[in-house]
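Quick notes on the structure that follows.
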Amino acid sequence: RCVVLRFLKSPPNQNKTSEEILHHLQNIVDFGKHVMKQFFGENYVHHGSKIHIHTADFLVYVIVFFCLFSPESRCDKDMETLSGYAMCLPNLTRLQTYRFVEHRPILCIEIKPKCGFIPFSSHVSQEIKHKVCRYCMHQHLKVANGKWKRPSKYCPLDLFSGNKQRMHFALKSLLQEAQNNLKIFKNGELIYGCRDDQDCVSDWNELARHLKPFFFPSNGLVSGPHCTRTIVKELIHVITMTLLSSTDACRAGDMKTVPISQGRSYCKASAFNKELVRNGKHKLESSGLPRGCLLYKTLQAQMLDMLDIEGLYPLYSRVEQYLEEFPEERSTLQIDGPYNEAFYEKLLDLSTEDDGTVAFALTKVQQYRISMTAKDCSIMIALSPCLQDECSEQRPVILTSKSRFTFSVSVLDLDLKPYESIPHQYKLDGKIVNYYLKNVQAKDDPVMSNLFKENEDCTLVLHKV
């Protein structure tokens, strides 16, 4: 049926009851259906449905499969299979729109774009947060903690810029250092993804071998580095065009959009930005995103974080204090659901003027949770070769030099971020910024750099030997 079964996971020895699992799954379905569809649009969000599996043998098979084939880093939780409840979702590595091409090979690119703007809140205490994006700062802390061996050159602001040159650079950087932000599937099988010890050249050659039939079906290119570079360039072009396309005619709900111009359009730490500065240019062009494309809608949802975690945390504390006094109000405030139309309506207030009420604080907390969800979502781009006589105005098509593709774009990982995770986010933000200031910015601005200022004449003296 080309579907995916998703089981909940929980920390060891914290198994939930069947009723709790069923309630959790229903919340996930309702949140996707009533909230995230309003932000992203009907065609992009597949909320799925909850189902009950009665075959015990199948559930045992699932557990064994999970234990045998999951990476060790993902085995720190138990799968909730005893209840028999799961979610049934479409397989997003396949086309979601046109089933007539299912018999053809399908390419799928999964991108986790991360946060695409720099905080514009007046609550930000460190000026560096107004200049360098969260992702670029966090890279250095992750390398220091041993999560990755080297930082990526990818900067989310380049991808969200709408400027094709910057987007190409961002996607190339993702391909060079995928981490867990990019994966490529061929007919549902992972062929390129997160390997920290990867040899980029050999991996690209292997990737080009997989992609060659898609982009050069007539086998007109000779093999070698030129072939690999050309195929990777074609892939980047196709991804860029699909990300800038709109396959959903509806508006993203009734939300009054946050002006993107409020945020700085480039990151000072971006490798693309640094290259421009080296070449004597000091301004990055930002073409802007088409309003109907998924990146634009993702960015709008992300920018519901209008106060930054520094401005949000005191409001979270206000809600917590209220709940300590009136714990029975937790369900009335809809912190744990239900995530229905009424919950969505409360998100429409974009005012930032604090009136001191719990209602204001709760609205900002819930908007922040939506923002965090959008910052951590994944975009799935499914591509399938399309013959010329099959193409029509009703089917979105991307052209390359030798091929044409029909495609579908979807978004997943849209579970609402936990209310209880806000203190962790507050502490993590401080760690990221402090590490960057002490270990990265300090090295970038040594005292010696003042000895050779820009445009100062220098003389090279050659001594006779």
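The values are calculated or read from the model by the stated rules, or taken from the named source; none is laboratory data. All values reported here derive from a predicted model rather than from experimental measurement. No Cβ is skipped: glycine too gets one built from the backbone with ideal geometry, and neighbour counts run over all protein chains shown. Ligands, DNA and RNA are stripped out before the accessible areas are found, and what is left, the full protein with its side chains, is counted by its heavy atoms. Shrake-Rupley method; radii C 1.70, N 1.55, O 1.52, S 1.80 Å.
Points worth noting:
- Residue match in segment 15-27 (condition: more than 20 Å from ASN340 (Cα to Cα) and part of a helix (DSSP H, G or I)): yes
- Only one entry of ASN279, ASN273, ASN340 meets the criterion of being farther than 16 Å from ILE118 by Cα and at pLDDT below 90, and that entry is ASN279.
- Only one of the numbered conditions (1) open to solvent by 50 Å² or more (accessible area, probe 1.4 Å); (2) under 30 Å from PHE216 (Cα atoms); (3) modelled with pLDDT of 95 or more is not met by SER378, and that is (1).
- Of the residues making up segment 315-347, those that are in contact (Cβ under 8 Å) with a residue 60 or more places away in the chain, assigned to a helix (DSSP H, G or I) and closer than 19 Å to LEU414 by Cα are GLU341, PHE343, TYR344, LEU347.
- Selection count, segment 107-120, where residues are out of contact with any Ser or Thr (no Cβ under 8 Å at 6 or more places or on another chain) and not aromatic (Phe, Trp, Tyr): 5
- Filter result for LEU159 (more than 21 Å from VAL440 (Cβ to Cβ), touching a Lys or Arg at 6+ places or on another chain (Cβ under 9 Å) and modelled with pLDDT of 95 or more): yes
- Only one of the numbered conditions (1) open to solvent by 20 Å² or more (accessible area, probe 1.4 Å); (2) closer than 27 Å to ARG369 by Cβ; (3) not in a loop (DSSP other than H, G, I, E, B) is not met by PHE31, and that is (1).
- Within segment 424-431, the presence of at least one residue that is within 19 Å of LYS268 (Cβ to Cβ), surrounded by 12 or more Cβ atoms within 10 Å (Cβ to Cβ) and at pLDDT 95 or above is confirmed.
- Of the residues making up segment 143-171, those that are assigned to a helix (DSSP H, G or I) and surrounded by fewer than 18 Cβ atoms within 10 Å (Cβ to Cβ) number 4.
- Neighbours by Cβ (under 9 Å, 6+ apart or cross-chain): first from segment 159-179, more than 23 Å from GLN300 (Cα to Cα) and in the same structural domain as GLU275 (by the TED database); second polar (S, T, N, Q) and crowded, with 19+ Cβ neighbours inside 10 Å: SER173/SER152; GLN176/SER152; GLU177/SER152; ALA178/SER152; GLN179/GLN139; GLN179/SER152
- Among the residues of segment 34-69, the one identified as modelled with pLDDT of 90 or more, in a helix (DSSP H, G or I) and β-branched (Val, Ile, Thr) is VAL35.
- Residue ID - surrounded by the most Cβ atoms within 10 Å (Cβ to Cβ), chosen from residues in segment 13-28 that are under 28 Å from the mean Cα position of the chain (by Cα) and farther than 30 Å from TYR296 by Cα: ILE21
- Taking the conditions (1) surrounded by 15 or more Cβ atoms within 10 Å (Cβ to Cβ); (2) over 22 Å from the mean Cα position of the chain (by Cα) in turn, GLY41 satisfies each one other than (2).
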